[in-house]
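Working notes, structure below.
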Amino acid sequence: LGRRINAAVTDLTRAPTLDEKAFDGMIKTISNALAEADVNIKLVANLRKTIKASVKFHELPPHANKKRIIQKAVFDALVDIVDPHQKEYVPKKGKSNVIMFVGLQGAGKTTTCTKLARWYQARGFKTCLVCADTFRAGAFDQLKQNATKAKIPYYGSLTQTDPVVVARDGVEKFKKERFEIIIVDTSGRHHQEDALFAEMVEIQTAVQPHQTIMVLDASIGQAAESQSRAFKETADFGAIIITKTDGAAAGGGAISAVAATHTPIVFIGTGEHLLDLEKFNPQSFVSKLLGMGDIQGLAEHVQSLNLNQKDTMKNITEGKFSVRDMRDQLQNIMKMGPLSKMAGMIPGMGGMMQGMDDEEGGMKLKRMIYICDSMTVKELDSDGRMFVEQPTRMTRVARGSGTSVREVEELLTQQRMMGGIAKKMKGGMQNMQKAQGQM
Ligand code: GDP
Ligand code: MG
């Protein structure tokens with residue numbers, strides 16, 4: 001999608017006459033690309049109007065960077081759609097906050113439940129899981145395994161077949177034990193079915209969740225709109241989590257779901273690991289959707305600075321990005337400045353540094369480097385997975401570097417994301433260079 005939109009913009013900016021007709025043609029190409037990426041058709045039509053209205057083409061100064069202006073208009077229009085424009089749900093400390101998950105089978109509910117539990121646990125909440133999926137054989141085992149790995153207390157039953165009873169018993173038990181975050185996993189079905197919806201409503205009535213989250217697979221496509229609408233009408237949910245954003249899907253369906261239900265995306269799943277959960281950030285989500293994460297611009301800048309880049313580039317072409325590469329990048333960023341601008345160029349980094357001035361950001365970077373410096377050579381040269389497999393490593397590193405486990409986690413999430421990008425870039429480097437030559 002990003003490539004097609006960029007191509008459309010490039011075509012326009014290289015056209016012999018930059019007239020309004022060419023601009024209209026480009027908006028059409030962009031709209032088609034969005035529709036193909038599963039953004040809802042009506043939504044695309046609206047976007048088209050918004051973009052046209054926001055770029056007053058004939059009023060642009062002759063030497064304006066039209067490409068940037070148009071890209072920005074597309075970007076802003078999409079961000080506006082996925083931006084929740086509302087306050088997020090914040091669980092209360094010292095109280096029992098019940099969070100219920102709904103969604104179709106395979107959407108990623110069980111996986112994401114554990115990730116979210118882990119996320120809250122790392123932030124000091126007393127957290128637990130309830131498995132109310134009695135429909136799928138092995139569902140409880142799956143949750144048990146995940147929960148055990150993450151050291152999170154769980155409840156479920158191998159004999160009770162009524163999910164409503166399991167949910168109610170589990171929530172009651174944990175409330176008595178003064179758990180602060182009680183996450184209820186439910187079953188899905190392959191399709192939207194009456195039985196599923198009836199079950200959801202019954203569980204909702206029984207456990208009275210403070211927040212209901214619908215889990216949506218990024219690859220859902222055009223079905224996103226009707227599916228999220230149907231769920232919304234029966235089991236009114238207040239938040240969406242998009243999973244598998246690390247996959248090949250463009251994720252346009254996610255945008256449609258938000259637009260159809262006026263419900264914010266709160267997190268995105270970025271992989272199968274326990275730590276692959278990120279707070280949703282409208283800007284980075286849309287950047288990714290449009291392929292605008294300015295990694296190319298960053299690479300150019302870095303090359304011009306002649307920094308310690310050789311090994312990392314070699315690794316990236318091989319589809320690897322170790323923790324050491326992450327550390328080298330951090331050090332390079334510190335050399336480059338101004339920090340806020342540089343951080344914004346790295347996907348994911350912008351969000352992490354949000355609201356910080358250069359001094360705060362600099363402190364943060366230093367802490368991240370301290371974290372790396374507290375690692376063993378083996379850990380530094382690893383892909384970071386050993387930290388997930390042995391979480392005590394994180395505790396040790398946090399202690400050694402005078403930071404927190406949360407910060408270590410954050411660094412590893414960033415590194416893993418870069419690893420994912422490196423993997424995708426492997427082999428695609430030549431294509432990218434070709435594309436770059438055309439710009
Ligand atoms: P459920 O039926 O909704 O409970 O779905 P599961 O949690 O069992 O997930 C279905 C599959 O999706 C599993 O193989 C998960 O590992 C995988 N999965 C879930 N979230 C993600 C994600 O963010 N990225 C990737 N790559 N896989 C995911
Ligand atoms: Mg499940």
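Coordinate-derived values only; no laboratory data. For clarity, every value in this text was computed on a predicted model and none was experimentally measured. Neighbour counts are summed over all protein chains in view; Cβ atoms, including those assigned to glycine, are modelled from backbone coordinates with ideal geometry.
Over all projection directions, the Cα-based convex hull of region 97-286 averages an area of 9.7 nm².
The slack between Gln222 and Lys279, meaning 0.36 nm per residue of separation minus the straight C-alpha distance, is 18.1 nm.
Placing pseudo-labels 7 Å out from each Cα toward the beta carbon at Gln105 and Val79 gives an inter-label distance of 4.1 nm. Phi angles of region 146-156 translate, via the Karplus equation with coefficients 6.51, -1.76, 1.60 and θ = phi - 60°, into HN-Hα couplings of 4, 5, 4, 4, 8, 6, 10, x, 9, 9, x Hz per residue; Gly and Pro are given as x. Neighbour counts of other Cβ atoms within 10 Å put Lys95, Lys87, Lys364 in the fewest-to-most order Lys87, Lys95, Lys364. Summarising the amide proton neighbourhood of Arg189: residues at separation of 5 or more, or on other chains, whose placed amide H is nearer than 5 Å comprise Gln105.
Using the Karplus relation 6.51 cos²θ - 1.76 cosθ + 1.60 with θ = phi - 60°, the per-residue 3J(HN,Hα) values for region 108-113 come to x, 4, 4, 4, 6, 3 Hz, with x marking Gly and Pro.
The listed peptides 386-393, 162-169, 54-61, ordered by packing as a protection proxy, come out as 162-169, 386-393, 54-61 (highest mean of other Cβ atoms within 10 Å first). Computed from phi, the 3J(HN,Hα) profile of region 252-262 under the Karplus parametrisation 6.51, -1.76, 1.60 (θ = phi - 60°) reads x, x, 4, 4, 4, 5, 5, 5, 6, 10, 6 Hz, with x in place of Gly and Pro. Counting neighbouring Cβ atoms within 10 Å and putting the fewest first, the residues Thr114, Thr161 line up as Thr161, Thr114. Under 11 Å from a label point set 7 Å out along the Cα-to-Cβ vector of Glu193, the amide N atoms of region 114-144 belong to 135-136. The order of Thr395, Thr110, Thr50, going from fewest to most other C-beta atoms within 10 Å of their C-beta, is Thr395, Thr50, Thr110. Label separation (Glu359 vs Lys42): 5.1 nm, computed from points 7 Å beyond Cα along the C-beta direction. Near the amide H of Asn97, within less than 5 Å, lie the amide hydrogens of Ile181, Ile182, all on another chain or at least 5 residues away, with H placed in the peptide plane. Treating r as the C-beta distance of Lys424 and Lys92 and R0 as 56 Å, the FRET efficiency rounds to 0.90. Amide H to amide H distances under 5 Å link Tyr154 with Leu129, where only residues 5 or more positions off or on other chains count and H is placed in the peptide plane.
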